[in-house]
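Here the structure is laid out as structure tokens; the discussion comes afterwards.
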Amino acid sequence: MRLKISSAVFGIVYLLFVLMDLLAIYAAIHVYRCITKPLIMFSLIVWVVFCKSKLSDMLKKQMVLALVFSLLGDVFLLFDAYSNLYFLAGLFSFLCAHLSYIFIFWKKRGRKRSNTF
């Protein structure tokens, strides 16, 4: 049985995580930010998995994959001060996320093509 999360509950939790992250930025507490920043994307992933939606299961899985790439990008960029490899890994993760989003919207749009550019 799948748990259904209402949009109002998700909105409150999401807003709470965003405010916690802003507080971590303002207070310059990097350790706290390493927890709050990923929580924002993680909450989006949970919402996509459990929300009521007209999206097919395959499209939902692709959306979760794209959000996971975004989550990885956020995590890698938290540590880019330690090595340039973290920056490159974050950049690559966001590239994969954006390609996934393009694929999702392209597929959702359908196969109709117009002759106009």
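The values are calculated or read from the model by the stated rules, or taken from the named source; none is laboratory data. Keep in mind the model is a prediction, meaning the values are calculated, not measured. In this analysis, Cβ positions are derived from the backbone assuming ideal geometry, glycine residues included, and neighbour counts consider all displayed protein chains. Side chains are part of the model used for accessible areas, which takes the heavy atoms of the whole protein and leaves out ligands, DNA and RNA. Shrake-Rupley method; radii C 1.70, N 1.55, O 1.52, S 1.80 Å.
Some observations on this one:
- In segment 84-97, the residues that are over 13 Å from Ala66 (Cα atoms) form Cβ pairs under 8 Å with partners that are open to solvent by 50 Å² or more (accessible area, probe 1.4 Å) and of a type in the set (Asp, Glu), at six or more places apart or across chains, as follows: Tyr86/Asp80; Phe87/Asp80; Gly90/Asp80.
- Residue in segment 97-104 that is over 23 Å from Lys37 (Cβ atoms) and open to solvent by 100 Å² or more (accessible area, probe 1.4 Å) present: yes
- For segment 1-28, residues that are surrounded by 13 or more Cβ atoms within 10 Å (Cβ to Cβ) and either at pLDDT below 90 or not aromatic (Phe, Trp, Tyr) (or both) total 10.
- Members of segment 66-96 that are among the aliphatic types (A, V, I, L, M), surrounded by 17 or more Cβ atoms within 10 Å (Cβ to Cβ) and more than 22 Å from Tyr32 (Cβ to Cβ): Ala66, Leu67, Val68, Ala89
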